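Below is one structure; the comments refer to it alone.
Read-outs throughout are calculated quantities, based only on the coordinates presented, and are distinct from any laboratory measurement. Here the structure is a predicted model, which means the values were calculated and not measured. Heads up, the Cβs are rebuilt from the backbone with ideal geometry, glycines too, and the neighbour counts pull from every protein chain shown.
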Amino acid sequence: MDMLLEEKHRAVRQSVRRFCEREIKPIAAEIDQEARFPWEVIEKMGRLGYFGIQVPESLGGANLDAVSYAIIVEEIARVSGAIALCVTVHNSVAVFPLLTFGTPDQIQKWVPPLARGEKIGAFCLTEPNAGSDAGGIEATAIADGDTFKVNANKVFVTNGGVADTCLIFCRINPSQDPSAARTGISVVVAERGTPGFTTGDLEDLCGMRANPVCSIRLSDCRVPKENLLGKAGNGLKIGLAALDTGRMGIAAQALGIAQAALEEGIRYANQRHQFGVPIARHASIQNMIADMATQVDAARLMVYRAALLKDKKQPFSKASAMAKLFAAETAAKVTDLAVQIHGGYGYSKAYPVERYYRDARVTRIYEGTSEIHRMVIAKSVLQEG
Amino acid sequence: MHSIVCIKSVVLSTPKGRMSRSPEKSVLNPFDRWALEMALQIKEAHGGTVTALSMGPPASESILREAMAMGVDQGVLLCDRAFAASDTLATSRSLTAAVRHLSPFDFLLFGVCAADSDTGQVGPQTASFLDIPMVGHVTRVESANGVFTLHRQLDGFLEQYELASPPVAMTIHPAAVEPRDPTLGALGTAFDSAFPITCLDIAAVGLEPRQVGVFGSPTRVLSVKPVDKKRVCEWIQGDPAIQADILVEKLVKAGLVG
């Protein structure tokens, strides 16, 4: 593993781990159970650069590379999947598309407060009838003078309850422009506090409970026309570019959860005695630990490879799709085995593996399901053949 | 004000067999974090610069860069094959030469000990070689009308020392200050850019091979092995209040609390 990393990456990992173990680990179980977003920690993370990891220094960011980004998300997820989710979604599918597709004015306006963590970003694509098939988006933006009148019902918005700067995927003037009915998706940026912008109740989720996931509704919400991100009709391109980066973050998050489950599995297997010896001495447990360690190692290599490709400015879409698929499936398997090693205690909230097991489940669903990722990978591989 | 903080790269895990120092296994000695923070707070209060000085193999450069990410102005690595196998006396002699090379300075700071060897000797010995006053376990550095007062805490006592004038050496108590986290951006910059780490070999600081390393060390570590701790489980009977009383009494008698 270390052959892929530089000194800087090791220093970043050590520093982030020290912070996470001191500031997040002690409250991770509590914020999960109370479904509480820990502003006190988020503010500290903002000051340290966690909300602008790859943003240039001139815009208030930390200006780190993609490998550092993966390591940071992995380390946060090792103590709290929900906080890692907040950080990665904010960085990858909110800040990154603004930075990539925004005009200089838009970047100056939105990116610095996001990069400093003073504002939180959200990516609002999913609707009741549009998820894996983004073509089903029904949200509309009707041009009216200097503004768009936006109507949208966005669901399962990560960071939704606290997000200030929201990328809304919608169709501009669909009745006047028939082509927009299927393909013409655009992105407008809506800001909390604008009349007509409301958030729904928090979703009562199985895992990732400290993340304020909720619906965001825009009802005749007047958004200035200059808030259009990129060109009209370029929404899918923006979305796909964001998700290429986003899925690498989710892969790193799944990796961090799996790593935590592996560590807890090893710890418990050494500590728990049955039949007169630590259960780690039983072959059945050793087999589980061996599988867990191997899968986590493989997932880590894949995540770092995708990040390295991105840093080298080489195509990384397939590598990041593979990393996301494998890391998510690994997180599911490894957390399941960690629960198994713990036996009845693993099914209790008294041990953290119960939380890891719940948190891991969604990594196979969001930022593209495992099934969609297999489709993307198959398409890419078949084209190469 | 010029503060020099001596820091050490320590090995994370307990060695099995021969110990090798590699970057992935090494971290900044946790006790030195407080010394760095204290030096940075002195700089914030009185201006000046902070130098982080480390003696060790090239892998130690990493902790100097980390110190720079925390806000230290320059990192100096005292590095030479001749330093290998230095004991605390040879280490203190070497650091003394480097500190003289970096003089003038006002404060020379150390952690109270290193997490790996745990001797706590290098700070006091270096002060002794330099022939400057030394205050251990400092919790606070105050100044009024140009006079510095050092607070120290040890064994449940708080002491205050007035300082005639710098330079002074001190070790910093682990409860003295809250060490800052470097920002992610500062970490990236410290490791990425052409931030120079000054490397000094023995000739640069005016030392000769016979003064350092194995030749300059009157003590030699023959072996290090873990102690087999025999644990005995003792059951305390009675209702919980009585159990608690008995437990506290036993702990007090053992000198573990009180």
Given Cβ charges of +1 for Lys and Arg and -1 for Asp and Glu, the option among A:LEU205, A:ALA143, A:ILE216 whose Cα lies farthest towards the positive end of the dipole of the stretch A:122-234 is A:ALA143
Provide the net charge surrounding A:GLY246, with neighbours chosen by a C-beta distance below 11 Å and charges set as Lys +1, Arg +1, Asp -1, Glu -1.
0
Only helical DSSP H runs with n ≥ 4 go in: add -39500 (n - 2.57) per run for chain A, normalise by residue count and round the 222 nm mean residue ellipticity to 500 deg cm²/dmol.
-16500 deg cm²/dmol
Footprinting exposure proxy for A:TYR268, A:TYR356, A:TYR351 (fewest neighbouring C-beta atoms within 10 Å first)
A:TYR351, A:TYR268, A:TYR356
Counting only helical runs of four or more DSSP H residues, what would the 222 nm mean residue ellipticity of chain B come to if each run contributes -39,500 (n - 2.57) and the total is spread over all its residues?
-9000 deg cm²/dmol
Built amide H within the under 5 Å cut-off of A:SER186, gap 5+:
A:CYS170, A:ARG171, A:ILE172, A:GLY233, A:GLY235
Please give the helix A:66-79 orientation as an angle from the longest Cα principal axis of chain A, in degrees from 0 to 90, rounded to the nearest 10.
60 degrees
Dividing the alpha-carbon radius of gyration of chain A by 2.2 N^0.38 Å (N being the number of residues), what value is obtained?
0.99
Contact order relative to length for the stretch A:122-234, counting C-alpha pairs under 8 Å separated by 6 or more residues, stands in percent at 32 percent
For a quick check, take a GNM of chain A with Cα springs below 10 Å and name the residue from A:GLN54, A:GLN176, A:GLN253 with the largest mean-square fluctuation.
A:GLN176
Within 10 Å of each Cβ in peptide B:174-184, how many partner chain Cβ atoms are there on average? Round it to a whole number, please.
4
May I ask for the angle, rounded to the nearest 10°, between helix A:7-19 and the longest principal axis of chain A, with both axes built from Cα atoms and the value confined to 0 to 90°?
80 degrees
Chain A: relative contact order from alpha carbon pairs under 8 Å, six or more residues apart, as a whole percent, is 17 percent
Could you tally the net charge around A:PHE197, taking each other residue with its Cβ under 15 Å from the Cβ of A:PHE197, Lys/Arg +1 and Asp/Glu -1?
+3
Shielding by partners for A:4-12, please: the mean number of other protein chain Cβ atoms within 10 Å of each residue's Cβ.
6
Check: C-alpha center the stretch A:205-248 vs C-alpha center the stretch A:7-62, spacing in Å is 23 Å
Per-residue Cβ contact counts at 10 Å, fewest first, order B:SER9, B:SER92, A:SER219 as A:SER219, B:SER92, B:SER9
Would you calculate the volume per residue, in Å³, of the smallest convex hull containing every Cα atom of the stretch A:236-384?
110 Å³
Taking H as built 1.01 Å from N, whose amide H comes closer than 5 Å to the amide H of B:VAL5, not counting residues under 5 places away?
B:THR51, B:ALA52, B:LEU53, B:LEU109
What is the fewest-to-most order of B:LEU158, A:LEU202, A:LEU167, A:LEU59 by other Cβ atoms lying within 10 Å of their Cβ?
B:LEU158, A:LEU202, A:LEU59, A:LEU167
Would you look at the GNM of chain A, springs on alpha carbons closer than 10 Å, and say which of A:GLY265, A:GLY136, A:GLY249 moves the most?
A:GLY136
With no solvent term and unit scatterers on the alpha-carbon positions of the protein assembly as shown, Debye gives log₁₀ I(q)/I(0) at q = 0.06, 0.08 Å⁻¹ of -0.42, -0.71
If you scale each eigenvalue of the Cα gyration tensor by 5 and take the root, what three semi-axes come out for the stretch A:2-120, rounded to whole angstrom and sorted largest first?
23, 19, 11
What is the stretch A:236-384's relative contact order, in percent, from Cα pairs under 8 angstrom and six or more apart in sequence?
32 percent
Theoretical FRET efficiency, 1/(1+(r/R0)^6), r = Cβ-Cβ of A:ASN153 and A:ARG36, R0 30 Å, to 0.05:
0.70
Violations at 29 Å Cα threshold for listed pairs A:LYS310/A:LYS379; B:LYS229/B:LYS253; A:LYS310/A:LYS333; A:LYS225/A:LYS318; A:LYS119/A:LYS324; A:LYS231/A:LYS318 -> A:LYS225/A:LYS318
For the Cα atoms of chain B, what angle does the longest principal axis make with the long axis of helix B:61-70, in degrees from 0 to 90, nearest 10?
80 degrees
Cut-off 14 Å between beta-carbons: net charge of the residues surrounding B:ILE242, Lys and Arg +1, Asp and Glu -1:
-2
Counting only other chains, and only Cβ atoms inside 10 Å, what mean value do you get across the residues of A:38-51?
2
In bins 10 Å wide, starting from 0, what share of all Cα pairs of the stretch A:167-244 does each bin hold, as a percent?
17, 37, 35, 10, 0
Where the only charges are on Cβ atoms (+1 Lys, Arg; -1 Asp, Glu), what is the dipole of the stretch A:122-234 about its Cα centre, to the nearest 20 debye?
160 debye
Quick one: what are the phi-derived ³J(HN,Hα) couplings along the stretch B:41-46, Karplus 6.51/-1.76/1.60 with θ = phi - 60°, whole Hz, x for glycine and proline?
6, 5, 5, 5, 7, 10
For A:LEU64, distant residues with modelled amide H under 5 Å away:
A:GLN54, A:VAL55
Under the Karplus relation 6.51 cos²θ - 1.76 cosθ + 1.60, θ = phi - 60°, what is the ordered set of whole-Hz ³J(HN,Hα) values for the stretch B:137-143, x standing for Gly and Pro?
6, 6, 9, 8, 10, 10, 9
Taking Cα centroids, how far is the stretch B:73-102 from the stretch A:305-364 in Å?
46 Å
Tabulate in residue order the Karplus-calculated ³J(HN,Hα) for the stretch A:243-248, using 6.51 cos²θ - 1.76 cosθ + 1.60 with θ = phi - 60°, rounded to whole Hz; enter x for Gly and Pro.
6, 4, 6, x, 6, 5
As a test of the definition: which semi-axes, in Å, follow for the stretch B:2-211 when you take the square root of five times each eigenvalue of its alpha carbon gyration tensor? Largest first, please.
25, 20, 18
Per-peptide average of other Cβ atoms within 10 Å, ordering B:93-103, A:155-165 highest first:
A:155-165, B:93-103
